[in-house]
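Heads up: the structure comes next, in structure tokens.
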Amino acid sequence: MTTKIVIIDDHQLFREGVKRILDFEKSFQVVAEGDDGSEALGLVQEHQPDVVIMDINMPQMNGVEATRELIEKYPNTKIIILSIHDDENYVTHALKTGARGYLLKEMDADALIEAVRVVADGGSYLHPKVTHNLVNEYRKLAAGVARGGGGYVPTVEIRRPLHLLTRRECEVLQMLADGKSNRGIGESLFISEKTVKNHVSNILQKMNVNDRTQAVVVAIKNGWVEVR
């Protein structure tokens, strides 16, 4: 099946670069482009895309405002936000508005393609650097709760989920929590990106989650990974 995509970004050269990457995938079809959030509603109504890739900063209507309007009128719209901001406030605001993905513009081609596939399949996708920042914020919040009034943070014992995952999958899960991309994991473990993708797919299936972000959140809550 073909995944129909609409791209909304006010920088023409960047938009053309994104389109060129997506056009390499035979199962992707860029059906329309726009340069402002105000165009998004009409383009979605006309083309009924599977995924909308939306820049967060645009002159007339920004990506978050456009996302809000799209979700109100078309609740099943799957939107990936593009941004230069990795601050967790931007990320959480975009996700609360209804975006399914958040990519930094420093992404590589593989991350863009993976994000579109995951979101089109009903999952969510965060840029690895964004995931790492959110994990750090979670750690700070958890530490604050643990301190209570006494100023003491108990040591969390890390128990790898060897009842569920192989040792190698536990290593990959830890690196997902560290915010590493598939390429970064492969370089650290001296394995190919394809092998990393297979490990990640196995992890998601065994943990019964839809995407790597959910896997990291579940792993942190269960004490399966170190938050560092």
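The values are calculated or read from the model by the stated rules, or taken from the named source; none is laboratory data. Predicted, not measured: the structure shown is a model, and the values here were computed from it. Because the Cβ atoms are built from the backbone with ideal geometry, glycine has one as well, and the counts that use them run over all protein chains shown. To get the accessible areas, we keep the full protein, side chains included, count just its heavy atoms, and leave off ligands, DNA and RNA. Shrake-Rupley method; radii C 1.70, N 1.55, O 1.52, S 1.80 Å.
Data overview
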{"item": "Selection from segment 30-68 of residues that are outside any helix (DSSP H, G or I) and of a type in the set (S, T, N, Q)", "result": "Gln48, Asn57, Gln60, Asn62"}
{"item": "Whichever residue in segment 176-188 is closer than 19 Å to Trp224 by Cα and part of a helix (DSSP H, G or I) and, among such residues, is farthest from the chain's Cα centre (by Cα)", "result": "Ile185"}
{"item": "Subset of segment 180-190 [open to solvent by 40 Å² or more (accessible area, probe 1.4 Å) and modelled with pLDDT of 90 or more]", "result": "Glu187, Ser188, Phe190"}
{"item": "Residue ID - nearest to the chain's Cα centre (by Cα), chosen from residues in segment 90-128 that are closer than 24 Å to Asn208 by Cβ, part of a helix (DSSP H, G or I) and modelled with pLDDT under 85", "result": "Pro128"}
{"item": "Filtered residues of segment 5-60 (kept if acidic (Asp, Glu) and open to solvent by 10 Å² or more (accessible area, probe 1.4 Å))", "result": "Asp10, Glu16, Asp23, Glu25, Glu33, Asp35, Glu39, Glu46, Asp50"}
{"item": "Test: residue in segment 156-179 that is surrounded by fewer than 21 Cβ atoms within 10 Å (Cβ to Cβ), of a type in the set (S, T, N, Q) and either at pLDDT 85 or above or closer than 30 Å to His85 by Cβ (or both)", "result": "yes"}
{"item": "Test: residue in segment 75-87 that is more than 25 Å from Leu176 (Cα to Cα) and surrounded by fewer than 16 Cβ atoms within 10 Å (Cβ to Cβ)", "result": "yes"}
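Okay, residues lined up against (1) open to solvent by 20 Å² or more (accessible area, probe 1.4 Å); (2) without any contact (Cβ under 8 Å) to a residue 12 or more places away in the chain:
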| site | (1), (2) |
| --- | --- |
| Lys194 | yes, yes |
| Gln205 | yes, yes |
| Val216 | no, no |
| Trp224 | yes, no |
| Val227 | yes, no |
